[in-house]
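The values are calculated or read from the model by the stated rules, or taken from the named source; none is laboratory data. These figures come from a predicted structure and were not determined experimentally. Cβ: placed from backbone, ideal geometry, glycine included. Neighbour counts: every protein chain shown. Accessible surface is based on the protein model in full, side chains and every heavy atom, while ligands, DNA and RNA are left aside. Shrake-Rupley method; radii C 1.70, N 1.55, O 1.52, S 1.80 Å.
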Amino acid sequence: MDYKKPLPIVTETNRPFWDSLKAHAMRLPQCDACGKFHAPPRDFCPHCLSDKLTWKPVQGTGEVYSFIVMHQLYDKTFADDVPYNVTMVKLDEGPRLVSNVRGPNDAIRIGDRVKLVYDDVSAEITLHRFVRL
Amino acid sequence: MSIAGKYIIAGVGNTKYGKLPGRSSESLTVEAIRNAIQDAGIDKSQVDAVLTKAPTSNFELLYSTRISEHLGIVPKVTATIDNAGASTASALVYGAMCIEEGLCSVAVVSYGDNPLTGSRDVYAKPAGDTDAYGMFGAVSGYAMITQRYLHKFNKTSVNLAPIPIGDRKWASMNPNALFQKPITLDDHQSSRFVAEPLHLLDCCPVTDGAAAAVIMSAERAKDLPKAPVYLNGFGQGHTAWELVTREHYTTSGALQSGKVAFQMAGITPRNVDFLELYGPFSVVPIITLEDYGFCKKGEGCDFVADNKTHPGGALPMNTSGGLLSETGMPGMQLIVEAVRQLRGECGQRQVPKHDVTVVSNQGGHMTTHSTLVLGTHPR
Ligand SMILES: [Zn+2]
């Protein structure tokens, strides 16, 4: 089965992130100097500009910061999905991710606790999704 | 010393808004600038600075330089300024600064685009990793902001309705507005969802069109036929960061921009006769009203609930129909409307008090912001 939807653009900067998803063990860059996590991945810590970064595992838990339910079809590969949710998840480590929450759209509320699950959409790419706890 | 109060908008012009097949962005822009130059009562030979926002649908290098060539003007200054929807207000201020420093003497500022008949691909172009999760279009970011806003301040979609309903009431008196048929709360609530919580009637239309303004010193404008409109205050503020990293969704660059602009002009919200606020989606003017200090944070919906911004209200807002009903073009048209209202040229929709106005421009997903305080008298 070919996966037809848009895929993330993997770069030298974010490759460890997508590799970590493929390994079903999400990591994010944590700054050695200031201790803060950040996302999306950068070469320099956006908090203190240090280039000493270490890819650290995250717990995979967080909460719904905001969400929308897309009804408009922008990309025909989502034709079978509308209406679908796009959810801004705030990880417990601090950074936010744009993702999707599985389950009924009308059950989602800001502040809901959510947990990371992995979705192997192609041989190369695993996407993060979330389920409500 | 500030240049506020020393520079004026001498002329404004625009094209039709809507579907304008066969017209390039250059053609539309030249028409708007020609109309603005005629409105100012000057000859194009006096124009020596050309400032534009590049067309959103087709971002091209050296756009201002190209427009100068179309106008048959060899400019002393050009710049294509990219603050997204805040570009033209920012460009107008840049024009005044360049004149003040002697680089040029008369500047035109314009925006023109043909996304309706031309290409709209840019509005759905890959935005990065968020595409994989189905987050497409400008509406998705604004919907994300709206959801957070409604949650935080315990409001619903119904509380946003005074914005689209008001814009449409004003547009019903503007023959150049794209949508002129009045709408009700029921129309708003029953219009389809584009991206929940935003209904179709919360979203601006994409249109072809162009608008322009001429700026020069008040001194130079003394003998011109039309009354000058003074640039009495201006500001900028940017959240800059995209939604994943932005600290707050319910406060925008309008906070910083408005603080500087209002202070420069020596005004408070009490002095403002009417407003032209950039509102591509219903929540934006509400957040802007709060950030500008017309009401407290979180009270924007309550502030507009009595329809005070509608025709006949105490604080007319978006008197041409705004982005939701006149045209979704990024911003220049609001400056044009502000100038015409200040001059008293607006016929049926003319507001009764028209000495001081505030125009907001903003872009991205409430990422950029630029403010103008305009008046019939110098500050
Ligand atoms: Zn750091």
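Step by step: first the residues of region A:104-133, then only those that are of a type in the set (S, T, Y) and within 13 Å of another protein chain (Cβ to nearest Cβ), then the one that is nearest to A:M26 (Cα to Cα). Which residue is that?
A:T126
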Residue check, B:T288 against (1) over 21 Å from B:N83 (Cβ atoms); (2) touching a Leu at 6+ places or on another chain (Cβ under 9 Å), all met but one. Which one? (1)
Do we find that A:L97 is more than 16 Å from the ligand (Cβ to nearest atom), part of a loop (DSSP other than H, G, I, E, B), surrounded by 13 or more Cβ atoms within 10 Å (Cβ to Cβ) and within 9 Å of chain B (Cβ to nearest Cβ) in this structure? no
Identify the single condition in (1) surrounded by fewer than 24 Cβ atoms within 10 Å (Cβ to Cβ); (2) under 19 Å from B:S57 (Cα atoms) that B:Q348 does not satisfy, given that it satisfies every other one. (2)
Being touching a Phe, Trp or Tyr at 6+ places or on another chain (Cβ under 8 Å) and not hydrophobic (A, V, I, L, M, F, W, C) narrows it down to one of B:S105, B:S87, B:S68, B:S110, so name that one. B:S87
Within region A:6-37, which residues are crowded, with 16+ Cβ neighbours inside 10 Å, facing chain B (nearest Cβ under 10 Å) and not polar (S, T, N, Q)? A:P6, A:L7, A:P8, A:F17, A:W18
Going by the conditions given, is B:E60 of a type in the set (D, E, K, R), open to solvent by 20 Å² or more (accessible area, probe 1.4 Å) and either over 20 Å from the mean Cα position of the chain (by Cα) or closer than 24 Å to B:A218 by Cα (or both)? yes
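A quick yes/no check of all residues on (1) β-branched (V, I, T); (2) assigned to a helix (DSSP H, G or I); (3) closer than 30 Å to B:P197 by Cα; (4) not assigned by TED's automatic domain parsing to the domain that holds B:V339:
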| position | (1), (2), (3), (4) |
| --- | --- |
| B:A54 | no, no, no, yes |
| B:S64 | no, yes, no, yes |
| B:P75 | no, no, no, yes |
| B:L92 | no, yes, no, yes |
| B:I99 | yes, yes, no, yes |
| B:V109 | yes, no, no, yes |
Give me the pairs: first residue in region A:47-70 and under 25 Å from B:T250 (Cα atoms) and open to solvent by 20 Å² or more (accessible area, probe 1.4 Å), second residue within 16 Å of the ligand (Cβ to nearest atom) and part of a strand (DSSP E or B), beta-carbon distance under 7 Å, and six or more apart or on different chains, which are they? A:H47/A:C31
Which count do you get for residues in region B:230-258 that are open to solvent by less than 30 Å² (accessible area, probe 1.4 Å), among the polar types (S, T, N, Q) and in contact with a helix residue (DSSP H, G or I) (Cβ under 7 Å, 6 or more places away or on another chain)? 3
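Let's see how each residue does on (1) open to solvent by 10 Å² or more (accessible area, probe 1.4 Å); (2) touching a strand residue (DSSP E or B) at 6+ places or on another chain (Cβ under 6 Å):
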residue	(1), (2)
B:P162	yes, no
B:I165	yes, no
B:S190	yes, no
B:D208	no, no
B:L224	yes, yes
B:A227	yes, no
Select from region A:72-94 the residues that are more than 7 Å from chain B (Cβ to nearest Cβ) and touching a Ser or Thr at 6+ places or on another chain (Cβ under 8 Å) and write down the one among them that is farthest from A:C34 (Cα to Cα). A:T87
